[in-house]
Amino acid sequence: MFTNYQFTVVERFLRYVKIDTQSDPGSTTIPSTEKQKNLSRILVSELNQLGINNAEMDDYGYVYATILGNTRKENIPAIFFCSHVDTSPDCSGVDVEPIIHTNYNGSHIHLPKSNQPITIDKHPELKNQIGNDIITASGNTLLGADNKSGVAEIMDAANFLMTHPEVKHGDIRILFTPDEEIGRGADKVDVQKLNATFGYTMDGETAGDLENETFSADAVTIKIKGVASHPGYAKGLMENAIKIAAEIIAALPKVSISPETTNGMQGFIHPTKVDSSLEHAVLDFIIRDFEVNGLHQLEEALRALTVKVMSGYPNSTFEFIIKEQYRNMKEVLDKHPHVTDYAIKAIERAGLKPRLSSIRGGTDGSRLSFMGLPCPNIFAGEHAFHGAHEWVSIQDMQKAVETIVHLCCIVEENN
């Protein structure tokens, strides 16, 4: 099917990563940064150039488009493919300079603007990339493979389907979201406009990976009101909110239930921000576990720790606020096994060995699944995301394009 096809995924990817689209967790607007729309507008224009005349961007920066079905079969379920346009606020995304390292030979990958190379010992997946072509940034920014690799792959798959009408499929919806990196990617998805039965995010890592399970996630905010007084006359009176906040952080376990001490299916408590003055302090946490019961146990452990610390400050008070973020999509996907089965078959048709795995995080698919749209996560080839050592393989991106197209065919064949 792809023997003579000239993939466009690389040229698209190299264009997209040069557009700064970082999201901002401190913003209250939707999208959180207007600059995300700069890429969304380009995507709408490119979709129109492919002959997809229904492509549009809404006021919130979401892009919707439909590749109309070309099969004579009736009642083929409409499916969607989704990626996010924003990049992480954890590392600069300004003036990204992508570099192609051709025919990788297993040695260190040196970055011109960093004295720290990308090495196999720290990035063991590189062992499987010998002979492939690796794209990195220059060393002082992230690359943006998370998730512009997925965006480019969906766009190239759309290009393939529009130029190969002999490949039969039902209606294929395209969805590009903003603000996924700050947990808001599905906040304003218009389910009626999307009008699909199920779908797939293209936001995974290693070629062949299919993720059907995520963390369940909550946010916790602890608001402390201490007691202020003049420091010269504070004896027996002052209860310093800064010190109370520091004591809570210091009381967290040092060798367990933190991101730096857990892996696999282990959950964690993670402080992300402290904003404090003498009288008031606000501590932000994210809580993660694959089981909701485990999530609640971690929250209660944090609450108990806070109560213990606060007992030493009898005139101070606190609020403990829990906000649900997303839930493990496996709860939904287990009820719709065919959605995962189709993806497994598509990965196999692309010549890869499928690997079902779990995400120590979440995707737009987590939220979409609970919005009635079962949505596992397919590999996009991105690695070492959110940092200056981010990289992606050209060959892996091409395999992701093939997987998308095969999936469209498999859904048509099986309905």
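Hey, could you check segment 220-259 for residues that are of a type in the set (S, T, N, Q) and more than 26 Å from GLN325 (Cα to Cα) and say which is modelled with the highest pLDDT?
So the residue we want is ASN240.
Mind listing just one residue for me: the one in segment 3-17 that is assigned to a loop (DSSP other than H, G, I, E, B) and surrounded by 16 or more Cβ atoms within 10 Å (Cβ to Cβ) and, of those, nearest to the chain's Cα centre (by Cα)?
Once the filter is applied, the top-ranked residue is VAL17.
Within segment 220-251, which residues are open to solvent by less than 20 Å² (accessible area, probe 1.4 Å) and under 22 Å from HIS296 (Cβ atoms)?
Passing the criteria: VAL220, ILE222, ILE248.
Given the conditions (1) of a type outside the set (Phe, Trp, Tyr); (2) over 20 Å from ASP156 (Cβ atoms); (3) in contact with a helix residue (DSSP H, G or I) (Cβ under 8 Å, 6 or more places away or on another chain); (4) exposed (fewer than 12 other Cβ atoms within 10 Å of the Cβ), report the number of the one that ILE100 does not fulfil.
(2)
Pairs, please: C-beta under 7 Å, at least 6 apart or cross-chain, first residue at positive phi and in segment 100-126, second modelled with pLDDT of 95 or more and open to solvent by less than 100 Å² (accessible area, probe 1.4 Å)?
Close Cβ pairs satisfying both conditions: ASN103/GLY131; ASN103/ASP133; GLY106/ILE120; GLY106/ILE130.
Counting only residues that are crowded, with 23+ Cβ neighbours inside 10 Å and of a type in the set (A, V, I, L, M), which one in segment 351-384 is nearest to LEU14 (Cα to Cα)?
Ranking the qualifying residues of segment 351-384, first place goes to ALA380.
List pairs: first residue in segment 372-398 and within 17 Å of SER358 (Cβ to Cβ), second residue of a type in the set (Gly, Ala, Ser) and open to solvent by 10 Å² or more (accessible area, probe 1.4 Å) anywhere in the structure, Cβ distance under 7 angstrom, at least six positions apart or on different chains.
Qualifying pairs under 7 Å: PHE379/ALA207.
Residues GLY170, GLY131, GLY139: which one is surrounded by fewer than 20 Cβ atoms within 10 Å (Cβ to Cβ), among the small types (Gly, Ala, Ser), more than 19 Å from ASP20 (Cβ to Cβ) and at pLDDT 95 or above? Spell out the reasoning first.
Numbers: GLY170 fails: surrounded by fewer than 20 Cβ atoms within 10 Å (Cβ to Cβ); GLY139 fails: more than 19 Å from ASP20 (Cβ to Cβ).
Going through GLY170, GLY131, GLY139 in turn, the sole match is GLY131.
Has segment 280-296 got any residue that is on the phi < 0 side of the Ramachandran plot, of a type in the set (Gly, Ala, Ser), open to solvent by less than 60 Å² (accessible area, probe 1.4 Å) and part of a loop (DSSP other than H, G, I, E, B)? Steps first, please.
Of all residues in segment 280-296, those on the phi < 0 side of the Ramachandran plot come to 280-296.
Checking which are of a type in the set (Gly, Ala, Ser) leaves us with 281, 294.
In the following step, the residues that additionally are open to solvent by less than 60 Å² (accessible area, probe 1.4 Å) were identified as 281, 294.
Adding the requirement that they be part of a loop (DSSP other than H, G, I, E, B) leaves none.
The answer is no; no qualifying residue exists.
In segment 118-132, which residues are in a loop (DSSP other than H, G, I, E, B) and either touching a strand residue (DSSP E or B) at 6+ places or on another chain (Cβ under 6 Å) or β-branched (Val, Ile, Thr) (or both)?
THR119, ILE120, ILE130, ASN132
May I ask you to list the residues in segment 303-327 that are under 26 Å from the mean Cα position of the chain (by Cα) and either exposed (fewer than 13 other Cβ atoms within 10 Å of the Cβ) or modelled with pLDDT of 95 or more (or both)?
Hits for segment 303-327 are ILE321, ILE322, LYS323, GLU324.
Taking the options VAL405, VAL392, VAL401, VAL411, name whichever one is surrounded by 20 or more Cβ atoms within 10 Å (Cβ to Cβ) and part of a strand (DSSP E or B).
VAL392
When you scan segment 143-162, how many residues do you find that are buried (at least 24 other Cβ atoms within 10 Å of the Cβ), in contact with a Ser or Thr (Cβ under 7 Å, 6 or more places away or on another chain) and not acidic (Asp, Glu)?
Selection size over segment 143-162: 6.
For segment 328-336, does any single residue satisfy the condition of being over 21 Å from ILE182 (Cβ atoms) and touching a Cys at 6+ places or on another chain (Cβ under 9 Å)?
Yes, segment 328-336 has at least one match.
Give segment 345-373 a look and list any residue that's closer than 23 Å to ALA207 by Cα, of a type outside the set (A, V, I, L, M, F, W, C), assigned to a loop (DSSP other than H, G, I, E, B) and at pLDDT 95 or above, or say none.
GLY351, LYS353, PRO354 - these are the residues of segment 345-373 that are closer than 23 Å to ALA207 by Cα, of a type outside the set (A, V, I, L, M, F, W, C), assigned to a loop (DSSP other than H, G, I, E, B) and at pLDDT 95 or above.
Sort through TYR313, TYR342 and tell me the only one that's over 21 Å from PHE80 (Cα atoms) and either assigned to a helix (DSSP H, G or I) or in contact with a strand residue (DSSP E or B) (Cβ under 7 Å, 6 or more places away or on another chain) (or both).
Details: TYR342 fails: over 21 Å from PHE80 (Cα atoms).
Residue meeting the stated conditions: TYR313.
Could you give every pair whose Cβ atoms fall below 7 Å, whose first residue belongs to segment 173-198 and is open to solvent by less than 10 Å² (accessible area, probe 1.4 Å), and whose second residue is among the charged types (D, E, K, R), counting only separations of at least 6 or pairs across chains?
Going by the 7 Å Cβ cut-off, the qualifying pairs are THR177/ASP364; PRO178/ASP86; ASP179/ASP86; GLY185/ASP179; GLY185/ASP364; ALA186/ASP364; ALA186/ARG367; LEU194/ARG173.
GLU46: among the acidic types (Asp, Glu), surrounded by fewer than 21 Cβ atoms within 10 Å (Cβ to Cβ) and part of a loop (DSSP other than H, G, I, E, B), yes or no?
Judged against the criteria, GLU46 is not a match.
Pairs only if they're at least six apart or on different chains, beta carbon under 6 angstrom, first in segment 314-328 and more than 30 Å from CYS375 (Cα to Cα), second open to solvent by 70 Å² or more (accessible area, probe 1.4 Å); list them, first residue then second.
Cβ pairs passing all conditions: THR317/LYS225; GLU319/LYS223; PHE320/ARG303.
Inspect segment 71-92 for any residue being polar (S, T, N, Q), touching a residue at least 60 places away in the same chain (Cβ under 8 Å), in a strand (DSSP E or B) and buried (at least 23 other Cβ atoms within 10 Å of the Cβ) and give the result as yes or no.
Yes: one or more hits.
The values are calculated or read from the model by the stated rules, or taken from the named source; none is laboratory data. Because the structure is predicted, anything quoted here is derived from the model rather than measured. In this analysis, Cβ positions are derived from the backbone assuming ideal geometry, glycine residues included, and neighbour counts consider all displayed protein chains. Quick note on the areas: whole protein, heavy atoms, side chains included, nothing else; ligands and nucleic acids left out. Shrake-Rupley method; radii C 1.70, N 1.55, O 1.52, S 1.80 Å.
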